[in-house]
Each structure stands twice: as C-alpha cells, then as structure tokens.
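The values are calculated or read from the model by the stated rules, or taken from the named source; none is laboratory data. None of the values given here were measured: they were computed from a predicted structure. Because the Cβ atoms are built from the backbone with ideal geometry, glycine has one as well, and the counts that use them run over all protein chains shown.
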C-alpha cells in the first residue's frame, strides 16, 4: 500500500513536470512524417511509418527514463522532502521501489498513448488490414522492457551520484549495452585468460540492451515493420532477463540508499 | 545632466525579437551562398562500410535503412547534380549496399536498385555488374522469391546482352515455387538466343503487367513505346526506299505509300501523334509534339529488322 502511494505520487510528480508534452511532439512527428515521407520514399510507406514510430517511441522513452530516472532520488534529497518521508514508517527499499514503479507507470502510459497514435496513423495512412497492426505489440513490449532496464540503471546512479554524472553513466551504459555481443567476441579471441575473464564478467555485468532490439538474430522493429510474427519463447526469455536484471540493480540501489547517512 | 541609460535597455524585448527574427533569413541566405560553392568532393559518402553503419545503428537498423533508401532515391533523382560529377552515380551501389545490409528485407530496393544501377548514363549508373551483385545478395537473402532471379536475368539480357546468363537466371527463377509458368519458356528462349527483340518485348510486357511499382511499370511502358517507334520508323523507311526504287522519287506524303499498296494505314506514334515526314530526303522521325519518352535501344537492331521485313515481303 505504501509502495503504491509512493509510486502514485511519483507518477503525479512526473505529470506535473509536463513530461507528457513529448506525446504531443510524437503525435506531430507521426502526422508530419506520414505526409512527408510518403513523398520522399519509393514504396515502403507503412514500413517507414512503423520504423519511425517505434524508433521514436524507444528514443523518447529512453530520454525520459534517463532524465527523469536520474532525478528521482536526487531531487528528493535536494529538496529535503526525503526526510519527511523517511520519518514515517517507510522502509528505504520501499521508497526506491515505489519511485521506480512510479516512473515505470509514467513510461507505460507514454508507450500506450504512442502506440495508439501509431495505430491511428497507420489506420489512416497505411495499407495493411487492422489485425496486422497487432503484430506491432511484441516490439512495443520489448521497447518497454528496455526502458524498464534503463530506468533501473538510472535510478541506481541517482542514489549516489549527481544528475549530470548519472545521465552520462546511464547513457554510456545504454550505448555499451548495444555492443555487448562484441565483448563476448573479444573474450573468444583474447589471448590472455585474465582478459577473457574480465570481458566475460563485463558481458554479464553490463545491461544487455541488444536483448530487446533483436530476437532470433532478427531486429525486432524490422520484424514489426514487415508485420512478421516473433517467437513467444524468445520474448519470454527477454522478459525473464529484464526482470532479473532490474531486480539485481534495484536491490543494489536499495542497499546503497539504505547505507546513506542523511544527517 | 541626465545619467545615460544604455540605448539597448530602452528597446522592448518584442523589438529585439522582431529585429533578430528579421535578420535570420538574410544571414542564412548569406551562409547558404557560401555553401553553394563547389566543394572539393561533392559526392562524398561519410560511411562506406555497411557493417560499420549497422554497428552504429544502435538497434534502429530499420529506420536507418529507410533514411539511407530515401538518400539513395534523392541521390539518384537529382540528375542535374549527377551531371556535374565526374562519375555521375559513383556512390549509388554503396548506398544501396548499406540499405540492404541494414535491412535485407526490403525486396523492392534490390529490384528498383538494379534498374537504377543498370540503366546506361545519363539515366542510370551504367553499372550492370553492380546490379547483378546487388541482386545476388537479394537472392541469397530471399531464395524463395522468384522475382529476384527474374530481374537478374533481365539485367543480363537487356543491359549486358549475355543471353546465356539471362537464360540461366530465368531457369533458376522458373524452378522456385510460385513462379509463373511463362518463365520457363522465357528461359528457354533466352538460352537459345533466338528472336532477341521478341524476347525483350515479351519481358517488358511482363514487367508492365506484373510490376507492383508504378515507376517500374512506367519504365516498361516507355521501353515498349520506344521499340514500337523504332519498328514503325524502320517499316516506313523500308517502304519509302522501295517506293523510291520503283518510282524514282519519294512520295509527297506518307499517304502515297497507301495508294501504292505498301501499307494499309499510316501509323502514328504510341501517344497518337503523327510521325514527321520529310519528302525531299524520304526521312521519317518522331514529332517534337510526341508524348513518348523515347529511349534508344542499347544495340542497333535496324538492319536486322529491315532484313526481316525484306524476307517477309519478298525482294
């Protein structure tokens, strides 16, 4: 119950931060692009709308996850509102988890509204039957999972670092998270056993964002753009990875936050 | 004495805004004028390695493929810019390579791209070998799609005049499930190298009927109309030569050929505009008023066609 109260409060705070203005930007982008890109491209009108829609969903979502995530804890400390909250019978891990769930809910609303916007654009401008649009849902879900992991990482940095540094760290980890496959490749060709161990450890330590970008060696957004089905089991494994990674990162964040001295 | 307030403070913010906003456009024009000067290498491709672009795409491969495809279209479509370059479409193959590496699913890129690459300059890049390489990559990515080996045969046949390779490619296409039954006959005719122009006409007709894309249909329509124009003009020339040989002079108008029994009617070009006739030298040509976008055949078929007419009509 306390968890829901903190999460609800975080959500309301995000709304007050006018975070949903990006939805208007998204809607404008979709409408203008469907007009303009149809003129610029040769064929592939549906594909261009879907690629642009899903990629914007991911980029906007990642930016929100990073720039709101890094302030979640820092702002409470800065404004000293955290003292009032922690004076009540609220465990510190509840505070962290509540903050996380609040931002996650904000992102969920964002993604849901953007998906509806994308569907409307396709219904108005696209050429596929409406049931084909359901094939976009796995890609939307995986984008949401990647946002969940990014938010957890941003929140972790937020517990011990300044917003500017946290933003940099999270952004770098997000970029590195797309190149994790290269790390394992490096481990294979590394001549020293120590280097191999280090790269292997890093491979599992760093967030593997590419898990949510491609399933079965096929880019998720591309599959959606061609209305191709994806394997449910592959989505299941990606979900399990996201749950485990977020749990580990949030536990670490809660542990760091619990040890902080607020005198 | 009054203490002087800096004049800038008296300006209201709205005034500063209006002044700045008014100046932006002329300043931008001045900057653009500098950009318009020819640079050392205007035809620059920042990333030539498709693998590198794919790695930098950060999972947004599809969107980047769309952007590169639009860039390839703009690159191909800006004829005036291409004409100024030493090699008009130097980077077209590389751009198409990047698009198909980022998203191998874009079948129309292989299809339309192979035409862009094959068409001789100034219409295209004049690089049919690159078109075959592009289609080979497409065939490897989509072995179940008969249209790609069909297009490969088309490039071999029309642009490279390698009838045997064309026949082989069509034979491969005809064996793919779902391929239309006429492909096998086409392969056979290509391989036997007989009736070259007839096969070509059949090919363009098939393209006109089966191509899903409006621009490919338009190209096929232009090609067929151009062949029709060539054949009309050569037939008229042939009849005029025979008329002159029999009567010592060319007829005053093309109707003279009907009166002499050479033809039943005077043909018009495929857009319905009459051909121009010069009775002093007996030459016929396409009128300036024609709506046909004439594209010359890549090889001289005139003598072979006239020899065929002579065989048909008797010496």
Looking only at the range A:220-233, decide whether some residue is modelled with pLDDT of 90 or more, more than 19 Å from residue A:131 (Cβ to Cβ), under 18 Å from the mean Cα position of the chain (by Cα) and buried (at least 21 other Cβ atoms within 10 Å of the Cβ). no
With A:173, A:240, A:183, A:165 as the choices, which residue is closer than 23 Å to residue A:69 by Cβ and surrounded by 15 or more Cβ atoms within 10 Å (Cβ to Cβ)? A:173
Lone unmet requirement of (1) farther than 24 Å from residue B:295 by Cβ; (2) surrounded by 24 or more Cβ atoms within 10 Å (Cβ to Cβ) for residue B:97: (2)
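Scan A:220, A:235 and give me the residue that is within 26 Å of residue A:103 (Cβ to Cβ), in contact with a strand residue (DSSP E or B) (Cβ under 9 Å, 6 or more places away or on another chain) and more than 14 Å from chain B (Cβ to nearest Cβ).
Matching residue, one of A:220, A:235: A:235.
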Conditions (1) over 24 Å from residue A:141 (Cβ atoms); (2) away from every other protein chain (no Cβ under 14 Å); (3) assigned to a helix (DSSP H, G or I): number failed by residue A:14: (1)
Among the numbered criteria (1) away from every other protein chain (no Cβ under 14 Å); (2) crowded, with 19+ Cβ neighbours inside 10 Å, which single criterion is violated by residue A:44? (1)
Residues in the range B:164-175: is at least one within 20 Å of residue B:124 (Cα to Cα) and either modelled with pLDDT under 90 or not in a helix (DSSP H, G or I) (or both)? no
Considering the range A:191-233 alone, what residues qualify as being outside any helix (DSSP H, G or I) and farther than 20 Å from residue A:179 by Cα? A:191, A:192, A:226, A:227, A:228, A:229, A:230, A:231
Inspect the range A:28-41 for any residue being within 14 Å of another protein chain (Cβ to nearest Cβ) and on the phi > 0 side of the Ramachandran plot and give the result as yes or no. no
Tell me which of these residue A:80 doesn't satisfy, since it passes every other one: (1) farther than 17 Å from residue A:260 by Cα; (2) out of contact with any helix residue (DSSP H, G or I) (no Cβ under 9 Å at 6 or more places or on another chain). (1)
Looking for whichever is part of a helix (DSSP H, G or I), within 20 Å of residue A:100 (Cβ to Cβ), within 20 Å of the chain's Cα centre (by Cα) and free of Cβ contacts under 8 Å to residues at least 60 places away in the same chain here; the options are A:156, A:173. Which one fits? A:173
Filter pass, residue A:35 being surrounded by fewer than 16 Cβ atoms within 10 Å (Cβ to Cβ) and either at pLDDT 85 or above or assigned to a helix (DSSP H, G or I) (or both): yes
Restricting the range A:205-217 to residues that are away from chain B (no Cβ under 12 Å) and touching a helix residue (DSSP H, G or I) at 6+ places or on another chain (Cβ under 9 Å), the residue that is surrounded by the most Cβ atoms within 10 Å (Cβ to Cβ): A:207
In the range B:105-123, residues that are under 18 Å from residue B:220 (Cα atoms) and part of a helix (DSSP H, G or I) total 11
When residue A:134 is evaluated against the numbered criteria (1) under 24 Å from residue A:255 (Cβ atoms); (2) out of contact with any helix residue (DSSP H, G or I) (no Cβ under 9 Å at 6 or more places or on another chain), which criterion, by number, is the only one it fails? (1)
Which condition breaks for residue A:178 when tested against (1) within 14 Å of another protein chain (Cβ to nearest Cβ); (2) in a helix (DSSP H, G or I); (3) in contact with a helix residue (DSSP H, G or I) (Cβ under 7 Å, 6 or more places away or on another chain)? (2)
Are there helices (runs of 4 or more DSSP H) fully within the range B:188-272 with at least 1 residues that are modelled with pLDDT of 85 or more and within 28 Å of residue B:283 (Cα to Cα)? List them. B:214-247, B:255-259
Somewhere in the range B:277-284, is a residue free of Cβ contacts under 8 Å to residues at least 12 places away in the same chain and in a loop (DSSP other than H, G, I, E, B)? no
Within the range B:59-74, of all residues that are crowded, with 22+ Cβ neighbours inside 10 Å and within 14 Å of residue A:43 (Cα to Cα), the one farthest from the other protein chains (Cβ to nearest Cβ) is B:68
